[in-house]
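Worksheet: one structure, shown below.
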Amino acid sequence: MVRVEPILIVLIVTIITLGVKIKLNSATVKVVKSTKELDFYDTTIYEVDTKHLLDVIYTTYGIRDNGILKMKNIKYHSDSVESIVSKEGRYVNNMLYLTKDVIMKNDGYTYTTQKLNYNQKTQILNITSPFKATNNINTFWGKSLIYYSLKKEMYAKDTKSIFYTQNDTMAKKR
């Protein structure tokens, strides 16, 4: 006849050993904490001070993660900038970094580029990649551009341009 006690002892020791191994293995699993603070869709953000509206940003998707606001399909405007549209962008410490098919309209010109940065505090706009600027009939291209919106001064590097004078415009109309 077979004794049951040794079999039970072996089974109990095996179960305890497996339980300890499973506990030890699961203790090594690293838990990653999410840093995502905010997630939103089709949102308009209004920035105001105590006296008036400072600027407006519309985005189809945004996420704030580790203090950085990342957005898709952005439309921006303020007192100093008529409008800026972009496919992607980030907002960090009063700086708006826009990328991918950026179009800015301001002072009668339409600017197209791939990278544009705007400092809200200083109101300095910086195009950091090749751009094209057009108004009704005039066009100019450049490698980079800085626009001081408070002074209404612009500086561009390596520019090429086509500007029509008043006589050229009259000749085109005939």
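The values are calculated or read from the model by the stated rules, or taken from the named source; none is laboratory data. All of these numbers come straight from a predicted model, not from anything done at the bench. Every residue, glycine among them, receives a Cβ derived from its backbone with ideal geometry; neighbour counts consider all protein chains shown.
The number of residues in region 120-150 that are of a type outside the set (Val, Ile, Thr) and under 18 Å from the mean Cα position of the chain (by Cα) comes to 6.
A quick yes/no check of all residues on (1) over 24 Å from residue 46 (Cα atoms); (2) surrounded by 15 or more Cβ atoms within 10 Å (Cβ to Cβ):
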site	(1), (2)
69	no, yes
96	no, yes
108	yes, no
121	no, no
136	yes, no
150	no, no
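When residue 158 is tested against (1) on the phi < 0 side of the Ramachandran plot; (2) at pLDDT 90 or above, only condition (1) is not met. Contact map, region 33-58: first residue farther than 28 Å from residue 104 by Cα, second residue β-branched (Val, Ile, Thr), Cβ cut-off under 7 Å, separation 6 or more or different chains; pairs are 36/63.
Quick test for you: out of 76, 164, 147, 61, pick the one residue that is more than 30 Å from residue 35 (Cβ to Cβ), out of contact with any helix residue (DSSP H, G or I) (no Cβ under 6 Å at 6 or more places or on another chain) and modelled with pLDDT of 90 or more. Lay out the reasoning, then the answer.
Details: 76 fails: more than 30 Å from residue 35 (Cβ to Cβ); 164 fails: modelled with pLDDT of 90 or more; 61 fails: more than 30 Å from residue 35 (Cβ to Cβ).
Only one candidate qualifies: 147.
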